[in-house]
Amino acid sequence: MKANPILLQKKYARVVELFAKENNVSLEKALDIFYRSKLYQLMSEGVSDMHCMSDEYLVCELEEECKYTK
């Protein structure tokens, strides 16, 4: 089942904001990282109900992804 598009956009915004805060990067940089990530792809496609995970969990996943894609 796909997430409501409006709720999904709000989820993206919260994850990007938290990622920026925790990694001391600008919102613009965090947004760029997020939209180029595998995590975004999975969330937007509704894979494994990633959108149901907590914001904190998703930020940790994004941080891990960044470690391995550098």
**OP:** Count the lysine pairs in the chain whose Cα atoms lie under 24 Å apart, taking only pairs 8 or more positions apart in sequence or on different chains.
**Re:** 19
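So for Leu39, Leu27, Leu7, fewest C-beta neighbours within 10 Å to most, what's the order?
Numbers: Leu39 23, Leu27 13, Leu7 10.
Arranged by neighbour count, lowest to highest, Leu39, Leu27, Leu7 become Leu7, Leu27, Leu39.
Using the count of nearby Cβ atoms within 10 Å as a rough guide to exposure, how do Arg36, Arg14 rank from fewest to most? Please list the in-between numbers first.
On the way: Arg36 12, Arg14 15.
Going from least to most buried by this count: Arg36, Arg14.
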Subject >> Gain upon complete extension [Ala13, Asp32; 0.36 nm per residue less C-alpha separation] >> reply: 5.6 nm
**OP:** Match the structure shown to one of the listed values [x] 31, 10, 7; [y] 19, 13, 10; [z] 24, 12, 9 of semi-axes √(5λ) of the Cα gyration tensor in Å, computed from it, and give that label.
**Re:** [y]
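No value in this document is a laboratory result; all are computed from the given coordinates. Note that the coordinates shown come from a computational prediction; the quantities given were computed from them, not determined experimentally. Note that we place each Cβ from the backbone using ideal geometry, even for glycine, and neighbour counts take in every protein chain shown.
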